[in-house]
Each structure stands twice: as C-alpha cells, then as structure tokens.
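Engineer: One structure follows; several queries about it will come next.
The values are calculated or read from the model by the stated rules, or taken from the named source; none is laboratory data. Keep in mind that what you see is a predicted model, and the values were worked out from it rather than measured. Neighbour counts run over all protein chains shown; Cβ positions are idealised from the backbone, glycine included. Protein only, heavy atoms only, side chains kept; ligands, DNA and RNA dropped before computing areas. Shrake-Rupley method; radii C 1.70, N 1.55, O 1.52, S 1.80 Å.
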Amino acid sequence: MLTFIGLGLYDERSITVEGREALAAADRAFAEFYTSRLVGTTVKELEAYHDTEIELRDRAGVERDPAPILDAAEEEDVAFLTAGDTMISTTHVDLRLRAHERGIETRVIHGVSAQSAAAGLTGLQNYRFGKATTLPFPSAHGGGDVPDSVIETIEANRERDLHTLVYLDIKVDDPTADAAGLGEDERFMTGDHAAELLAANWADELAVL
C-alpha cells in the first residue's frame, strides 16, 4: 500500500487526524519538501511528534528514481508525505500511476492546501478563482522579470473577472542555490519581491499576500 498524506500548511500538528493515524500505522515514511515546506517545523520535529523515521527524497529521487518508494510499497505499508495536499499543486499523480502499473494499492489522505486557505483567509469566493500560476525567480527562467505565461494567465483571468492565485517560487533542491550559498529570503520568494515583480505590469491593482 502507498498512502499519499498531505501534512497541511504550517507545522507537525497541521495534519488531519486520519493522516496522523495512517502515518502511525505505516511501516515506512518518505517525504519531499522541494515543492513546498512546513515553515513552522523541521523534519526532526516531525519525526519526534509522530514517533516515526522519515526518509527525505529530493526531486530526482521522486520523479526520476521512484523505485525505492515503489519497491517498499510492494512489500510494506508506505506513507508518502508532502506539505499542503499531495495532489494539489504539489502533484504526485505520476508516482501514483506508476504504483498502479505495478499493482500497488494506493490511497490519498488530503491535507489543507494553500489553494483552499487562500479563499478562506481573504474572504474571496473559491468559485471566482481562475487558473493558478507560479511566479518564478527571474534567474530560474532566463527571461524577463515576469514570464509571459504568468502574464497571460493573470490577464486571461482578469478578462473573465476572476481572481488569480499566484504561488511564489522556492529554490529548495536547486544546486545553483546551494553553490551560491543563498539565504532563506533568496531561496523562498518573499511577498515584497513578488510585489516588485508584479507591479511592473499591474501597478494599480489590488493584491493580497
């Protein structure tokens, strides 16, 4: 069995009761924090709180070399952990499909994600959000400050009178970031940085961080 468990938004306590019970019952636990991370805790604190050892996998270890996870799930009950929800933005559909191809049973235990929290925190209607997009660091795409794809997504939503959820880039698991010795603000895009980039195109529009 391979169980995908969303850890929620903040710390070791943000997991659902169902997720915590599934994690406690698992024989092994893998996790990735390259797509997002829990800002209110560490892996050691997660392990201590849930009394379990967590094996970290980088991007390549999940997307290019998932065999250790799948091999384990063929023999044992395995939990795969991510921040937020494992199937919302931090999507791992490919890993689930690979498991099905090998005859491994899977299930998903959802966690609170930024997508749902954004509507609740701002008071904006979830129905009024259009397509989401991610704002990368300029160095990540080699183009201008804001990629055309981001501009096109926001403008298409504006034409339909819809809100746009813009995720901010992170550089975890980026060898260039490691080599450059970047600080946390340079690894995790801040709201100020995002506002400066977006204001070049929408100087007079209201945005909520």
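Engineer: Can you confirm whether Thr91 is at pLDDT below 95, under 27 Å from Tyr10 (Cα atoms) and of a type in the set (S, T, N, Q)?
Structural biologist: So Thr91 passes the test.
Engineer: Next up: For segment 150-180, name all the residues that are hydroxyl-bearing (Ser, Thr, Tyr), assigned to a helix (DSSP H, G or I) and either under 15 Å from the mean Cα position of the chain (by Cα) or modelled with pLDDT of 95 or more (or both).
Structural biologist: Thr153
Engineer: Among the residues that make up segment 2-18, is at least one of them among the basic types (Lys, Arg) and in contact (Cβ under 8 Å) with a residue 60 or more places away in the chain?
Structural biologist: no
Engineer: So the check is Cβ under 6 Å with 6+ separation or different chains; which pairs have a first residue in segment 152-166 that's farther than 19 Å from Ala194 by Cα and a second one that's open to solvent by 60 Å² or more (accessible area, probe 1.4 Å) and of a type in the set (Lys, Arg)?
Structural biologist: Leu162/Arg128
Engineer: Which residue is farthest from Val146 (Cα to Cα), if the candidates are limited to segment 195-209 and must be over 23 Å from the mean Cα position of the chain (by Cα) and open to solvent by less than 100 Å² (accessible area, probe 1.4 Å)?
Structural biologist: Ranking the candidates gives Glu205 first.
Engineer: Limited to segment 115-139, what total is found for residues that are modelled with pLDDT under 95, in a helix (DSSP H, G or I) and either under 16 Å from the mean Cα position of the chain (by Cα) or not hydroxyl-bearing (Ser, Thr, Tyr) (or both)?
Structural biologist: Adding up the residues that qualify gives 9.
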